Amino acid sequence: MSTPNTPYKIYLEEHEIPKTWYNMRADMKNKPAPMRHPGTLQPMTVEDLEPVFCRELCEQELNETDREIEIPKEIYDFYKMYRPSPLVHATFLQKALDTPAKIYYKFEGNNTSGSHKLNSAIAQAYYAKQQGLKGVTTETGAGQWGTALSMACAFFGLDCKVYMVKVSYEQKPFRREVMRTYGADVTPSPSMTTEIGKHILETHPGTTGSLGCAISEAVEVATKSEGYRYVLGSVLSQVLLHQSIIGQETKIACDKYGIRPDVIIGCAGGGSNLGGLIAPFMGEKLRGEADYDIVAVEPASCPSFTRGRYVYDFCDTGMVTPIAKMYTLGHDFIPSANHAGGLRFHGMSPILSQLYADGFMRAVAVEQTSVFQAAQIFARTEGILPAPESSHAIRTAIDEALKCKETGEEKTIIFGLTGTGYFDLVAYEQFNNGTMTDHIPTDEDLERGFASIPDFGL
Ligand SMILES: *Cc1c(COP(=O)(O)O)cnc(C)c1O
């Protein structure tokens, strides 16, 4: 499909930032399976979730009916500091690939946290403040979520306790220092500060940690400390809701310039940027108004969609969270130590899991050296040093554009450029030195993770 010439960078006007978030669940015929209490197996209610999450966020988590949810003014005003984000026509990349495809990317790296995560962090901090809480706890992997949350907490004057996956704490000291600059208290996970941390260290001595462990620790601290709640930067339906700002801006920009995407691509860790980017497009698809080829890209070393099971599992290693039906590699799954590129979570957003199971989107898995090759091509053509996570989407966008070169199709491809890679230079160093390796887990490796999934009889 051909599109008229568009500017290199499409910036919306400030007043064009959408005033509401879009709740995809309202348009889903098959709703995502409910989160359940691991003991009673009953669907979680707002009352069940309230000891862990802020009240308003519990409501949003369970809201499957309201299509539009108003963005509070304080959050909207904060959004205006770094939004609208540009939709960029990647003309230099297209030229380098010599492809008839048109490639656009929605760039979410224009804020200090360097990623889209600020879109939800500011919302979650706002609702915690509204509720009169003292602070929040969370986990962070590579550090983008912790950084985004520490910025948001600093803005609203909230305490922020971050459990950071140990391997990242040690390998990514700079992100840790950004968090501390914004006032966050950062602890490497697993740690001796929690019961679950002590247990994990006893049973897995020398472990470099995982998001699952860090979640368990952060939840434990939130539920044991007066005036604290836990917040999560991905996977949850409320996070996808907040991230819908990405897709809505993209849709407005497309409509304004007559761009109609054929393919929409996003990297998938827990699914929040992808869920946000595709939201209004998926809405059209769900309502039967339009069709798009929607692609999730995951690392071959952590292949939840492409090789995982669609079953109920815990969201954390310590089994303290509610259980969710999602594509999972098992809550004990830890990606191989040579995996450098983020997107390490064992599970996937229940919303995206249901959409994937119902055939509304597809998924591909890519290996990390090819991801960094794509990152290098992108940096050299479009100028931006991409985050390794985002580079998964770049890889697949390039592959799709190269397919168009073979077939002569003039497809329009939009991908999510979720962030910048300035704090990921250890991984870039490995790539540049030629010491980066790929790891694809064997079926036996995956069986070990699957063995940790309890049989809930659901
Ligand atoms: C966290 C992160 C991701 C992956 O998280 P999702 O919830 O799957 O979006 C992707 N890109 C960047 C830059 C991130 O920080």
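The values are calculated or read from the model by the stated rules, or taken from the named source; none is laboratory data. Bear in mind the structure is a predicted one, so any value in this text is a computation, not a measurement. Here Cβ is always computed from backbone atoms with ideal geometry, including for glycine, and neighbour counts include all displayed protein chains.
So GLY233 fits all but one of (1) away from the ligand (no atom under 16 Å from the Cβ); (2) buried (at least 23 other Cβ atoms within 10 Å of the Cβ); (3) part of a loop (DSSP other than H, G, I, E, B); what number is the exception?
So GLY233 meets the others, but not (1).
May I ask you to list the residues in region 242-286 that are polar (S, T, N, Q), in contact with a strand residue (DSSP E or B) (Cβ under 9 Å, 6 or more places away or on another chain) and either at pLDDT below 95 or within 13 Å of the ligand (Cβ to nearest atom) (or both)? Walk me through it before giving the result.
So the first thing to find is which residues in region 242-286 are polar (S, T, N, Q), and the list is 243-244, 248, 250, 272-273.
From what's left, in contact with a strand residue (DSSP E or B) (Cβ under 9 Å, 6 or more places away or on another chain): 243-244, 248, 250, 273.
Selection gives GLN243, SER244, ASN273.
Does THR317 satisfy the criteria of being under 20 Å from LEU343 (Cα atoms) and in contact with a Cys (Cβ under 6 Å, 6 or more places away or on another chain)? Show your work before the answer.
On the way: under 20 Å from LEU343 (Cα atoms): yes; in contact with a Cys (Cβ under 6 Å, 6 or more places away or on another chain): yes.
Answer is yes for this residue.
What is the number of the single condition among (1) touching a helix residue (DSSP H, G or I) at 6+ places or on another chain (Cβ under 7 Å); (2) closer than 25 Å to LEU118 by Cβ that ILE200 does not meet?
Of everything listed in (1) touching a helix residue (DSSP H, G or I) at 6+ places or on another chain (Cβ under 7 Å); (2) closer than 25 Å to LEU118 by Cβ, ILE200 misses just condition (2).
Scan region 172-196 for residues that are among the aliphatic types (A, V, I, L, M), under 26 Å from TYR82 (Cβ atoms) and part of a helix (DSSP H, G or I) and jot them down. Give the steps one after another, and end with the answer.
As a first pass, look at region 172-196 and keep what is among the aliphatic types (A, V, I, L, M): 178-179, 184, 186, 192, 196.
Subsequent filtering for residues that are under 26 Å from TYR82 (Cβ atoms) retains 178-179, 184, 186.
Answer for region 172-196, where residues must be among the aliphatic types (A, V, I, L, M), under 26 Å from TYR82 (Cβ atoms) and part of a helix (DSSP H, G or I): VAL178, MET179.
From the set of residues in region 378-402 that are touching a Ser or Thr at 6+ places or on another chain (Cβ under 8 Å) and of a type in the set (A, V, I, L, M), which is nearest to LEU274 (Cα to Cα)? Please lay out each step first, then the result.
Of all residues in region 378-402, those touching a Ser or Thr at 6+ places or on another chain (Cβ under 8 Å) come to 378, 384-387, 389-390, 393, 395, 401-402.
Going one step further and asking which of them are of a type in the set (A, V, I, L, M), we end up with 384-385, 387, 393, 401-402.
Working: ILE384: 20, LEU385: 20, ALA387: 15, ALA393: 10, ALA401: 19, LEU402: 22 Å.
Result: ALA393.
When you scan region 412-446, how many residues do you find that are among the hydroxyl-bearing types (Ser, Thr, Tyr) and within 16 Å of the ligand (Cβ to nearest atom)?
We begin by selecting, within region 412-446, every residue among the hydroxyl-bearing types (Ser, Thr, Tyr); these are 412, 418, 420, 422, 428, 435, 437, 442.
If we keep only those that are within 16 Å of the ligand (Cβ to nearest atom) as well, we get 418, 420, 422, 428.
Adding up the residues that qualify gives 4.
Scan region 172-200 for residues that are out of contact with any Lys or Arg (no Cβ under 6 Å at 6 or more places or on another chain) and surrounded by fewer than 17 Cβ atoms within 10 Å (Cβ to Cβ) and report the count.
So the count comes out to 10.
Residue under question is ALA148, and the condition is that it be among the small types (Gly, Ala, Ser), at pLDDT 95 or above, within 15 Å of the ligand (Cβ to nearest atom) and at negative phi; does it hold?
Numbers: among the small types (Gly, Ala, Ser): yes; at pLDDT 95 or above: yes; within 15 Å of the ligand (Cβ to nearest atom): yes; at negative phi: yes.
Against the criterion (among the small types (Gly, Ala, Ser), at pLDDT 95 or above, within 15 Å of the ligand (Cβ to nearest atom) and at negative phi), ALA148 qualifies.
Check LEU49, LEU62, LEU87, LEU133 and return the single one that is away from the ligand (no atom under 16 Å from the Cβ), on the phi < 0 side of the Ramachandran plot and assigned by TED's automatic domain parsing to the domain that holds PRO335. Before you say what the answer is, go through the steps one by one.
Details: LEU49 fails: assigned by TED's automatic domain parsing to the domain that holds PRO335; LEU62 fails: assigned by TED's automatic domain parsing to the domain that holds PRO335; LEU133 fails: assigned by TED's automatic domain parsing to the domain that holds PRO335.
Checking each option against the conditions leaves just LEU87.
Provide a single number: the residues in region 349-361 that are assigned to a loop (DSSP other than H, G, I, E, B) and touching a residue at least 24 places away in the same chain (Cβ under 8 Å).
Step one: of region 349-361, the residues assigned to a loop (DSSP other than H, G, I, E, B) are 349, 358-361.
Now drop any that are not touching a residue at least 24 places away in the same chain (Cβ under 8 Å), which leaves 349, 358, 360-361.
Of the residues in region 349-361, 4 are assigned to a loop (DSSP other than H, G, I, E, B) and touching a residue at least 24 places away in the same chain (Cβ under 8 Å).
If ASP48 satisfies every condition in (1) part of a loop (DSSP other than H, G, I, E, B); (2) more than 24 Å from the chain's Cα centre (by Cα) but one, which is the exception?
(1) is the only condition that ASP48 fails.
Among the residues of region 151-159, is any away from the ligand (no atom under 13 Å from the Cβ) and either farther than 30 Å from GLN248 by Cα or assigned by TED's automatic domain parsing to the domain that holds ALA387 (or both)?
The answer is yes, given that some residue of region 151-159 is away from the ligand (no atom under 13 Å from the Cβ) and either farther than 30 Å from GLN248 by Cα or assigned by TED's automatic domain parsing to the domain that holds ALA387 (or both).
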